[in-house]
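Below is one structure, written out as structure tokens, with a few remarks after it.
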2 protein chains.
Amino acid sequence: MPDEASRDGPGLDAHLREYPLGGETLLSGGFLEVHRDTVRLPDGSTAMREYIRHPGAVAVIPLLGEGPDPDVVLVRQHRYPIDRVLLEWPAGKREADEPTRACAERELLEETGYTATEWAWGGWIHNAAAYSSEGIALWFARGLQPGPARPDAGEFVETVTMPLLALSALDDRGELTDVKTLIGLHWLKAALTGNRPWVWTRADRAPDVA
Amino acid sequence: MPDEASRDGPGLDAHLREYPLGGETLLSGGFLEVHRDTVRLPDGSTAMREYIRHPGAVAVIPLLGEGPDPDVVLVRQHRYPIDRVLLEWPAGKREADEPTRACAERELLEETGYTATEWAWGGWIHNAAAYSSEGIALWFARGLQPGPARPDAGEFVETVTMPLLALSALDDRGELTDVKTLIGLHWLKAALTGNRPWVWTRADRAPDVA
């Protein structure tokens, strides 16, 4: 998993690193799992760290078409904690130990009905590293075959298709605020102009990354 | 505040919106404040939503110099929940009701020792809208005057200065994973090429946004 492979080895950054001394579970059983650990700081003193243990998530950047301005598929979804409807890439939380591409295939199908014939790895992002272990794996998808969406119970999402440059114009006007969507947009533009590697694999072959 | 001004009005997106019916505090008093609310879904059924109430945060994109490839100032910091050292813009959590530019000035000084003579608004981003009310306000800073850093007790950060294009190369190689840092990098490149509005205000004048 790229997230693991790129991690610093032990002993590096000893002047910055915090080491666990022990911990407890503050909240568990519902949606959020909250832990409080005692850590040893670089100067030898101790401190408390509260954080969410999160299984990770995926976001899918689905391309409909070729060329410099392909249509892309997004979803609109109400996000209760901020009471706003956000425009986002199809995305969702990983099941325990679920490979990220399998999760990407599942979330794309559930939220939009699309099945992709080719996938390209995007990268990991850390969205709340101060208080959550969440990493989000970004995948690009193309060769989309339409079908019926299969939303989870209690999930209400609306599919939106628009040209990439129209999405980019929303960003330029400050109207996109979701972090995975902004980063996926920028990485897509970089890939389309040859400024970022883009390796496509057929959906029936095993991905190079988890 | 832009975050408020751009919010959809009541009644819009009724087919997506979730309404609070009541709630309780699950965890409070330490670092994280966790709530569980009962919500009414668009189809009239009910569901539970667990989320963190967060005061919001700021990140500062500090420029040292002019031209298409200015030096920028970042910090390296160990993030305990993911056990990794991340390269990030100077950033921090807002005090209750603290204006975002005041918070930006405070965090820039505490973490790097710099004071800026001019500020430009970047935008709001939502980094964990599924389970946190956090918004991060991005500010650009220039005209930097050096001084001693004043880290909080228990905070260990290392200041790093590098050319913008070197930071961008880290992104192209997949070595930047912090969301506010990736988005600030892309917005800075867009602003420098005239593709994103950039309005600078002297530090001794009131900002146009909170």
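A cut-off under 10 angstrom between Cβ atoms defines the neighbours of B:T159, and their net charge, with Lys, Arg +1 and Asp, Glu -1, is -1. Our summary gives the stretch A:1-114 a relative contact order of 16 percent, counting only alpha carbon pairs under 8 angstrom and 6 or more residues apart. Its alpha carbons give the stretch A:73-167 an Rg and a Dmax of 13.7, 39 Å. By the gyration tensor of its Cα atoms, with a ≥ b ≥ c the square roots of the eigenvalues, what is the shape of the stretch B:15-63: rounded for a/c under 1.5, prolate for a/b over b/c, or oblate? Cα axes put the stretch B:15-63 in the oblate bin. Residue by residue, the stretch B:13-25 carries 3J(HN,Hα) couplings of 6, 4, 7, 10, 6, 9, 10, x, 10, x, x, 9, 8 Hz when phi is fed to the Karplus relation 6.51 cos²θ - 1.76 cosθ + 1.60 (θ = phi - 60°); x denotes Gly or Pro.
A:T161 label point (Cα plus 7 Å toward Cβ) to equivalent points in the other copies: 5.1 nm, shortest first. Take each residue of peptide A:171-183, count the partner chain Cβ atoms within 10 Å of its Cβ, and average: the result is 6. Sorted from shortest to longest, the distances between the B:R53 label points of this copy and the other copies are 2.7 nm, with each point 7 Å from Cα along the line through the beta carbon. For the protein assembly as shown, what number of Lys pairs, 8 or more residues apart or on separate chains, have alpha-carbon atoms under 22 Å from each other? For the protein assembly as shown, qualifying lysine pairs total 10. Judged by the ratio a/c of the largest to the smallest principal axis of the C-alpha gyration tensor, the protein assembly as shown counts as rounded, that ratio being less than 1.5. When the charge dipole of the protein assembly as shown is built from unit charges on Cβ atoms (+1 for Lys and Arg, -1 for Asp and Glu) and taken about the Cα centre, the candidate among A:G174, B:A59, B:W124 whose Cα reaches farthest toward its positive end is A:G174.
Here r is the Cβ-Cβ distance between B:L12 and B:D71 and R0 is 25 Å; the resulting FRET efficiency, rounded to 0.05, is 0.05.
In this structure the amide hydrogen of B:L27, modeled in the peptide plane, comes within under 5 Å of the amide hydrogens of B:V34, none closer than 5 places in sequence on its chain.
Given +1 at the Cβ of Lys and Arg, -1 at the Cβ of Asp and Glu and no other charges, the dipole of the protein assembly as shown around its Cα centre is 260 debye to the nearest 20. Would you work out if the stretch B:116-175 is rounded, prolate or oblate? Take a ≥ b ≥ c from the square roots of the eigenvalues of the alpha-carbon gyration tensor; rounded if a/c is under 1.5, else prolate when a/b is larger than b/c, oblate otherwise. Note, shape of the stretch B:116-175 comes out rounded. For chain B, the relative contact order is 21 percent, taking Cα pairs closer than 8 Å that sit 6 or more residues apart in sequence and dividing their mean separation by the residue count.
The magnitude of the dipole of chain B, with charges of +1 and -1 set on the Cβ of Lys/Arg and Asp/Glu and taken from the Cα centre, is near 180 debye. Residues whose amide H lies under 5 Å from that of A:M162, counting only those 5 or more places away or on a different chain, are A:V72, A:L74; hydrogens are built 1.01 Å from N in the peptide plane. Based on C-alpha pairs under 8 angstrom that are at least 6 apart in sequence, the stretch A:53-126 has a relative contact order of 28 percent. Close amide H contacts of B:R40 (hydrogens built in the peptide plane, cut-off under 5 Å, sequence separation of 5 or more or a different chain): B:Y19, B:L21.
Each copy carries a label point for A:Y19 at 7 Å from Cα toward Cβ; from one copy, the others' points are 5.5 nm away, ordered from shortest.
Working from label points 7 Å from Cα in the Cα-to-Cβ sense, the A:A169 to B:A47 distance is 3.2 nm.
None of the figures in this text is laboratory data; all of them are computed from the coordinates on show. Since we're looking at a predicted model, the values are computed, not measured. Cβ sites come from the backbone with ideal geometry, for glycine too, and all protein chains shown count toward neighbours.
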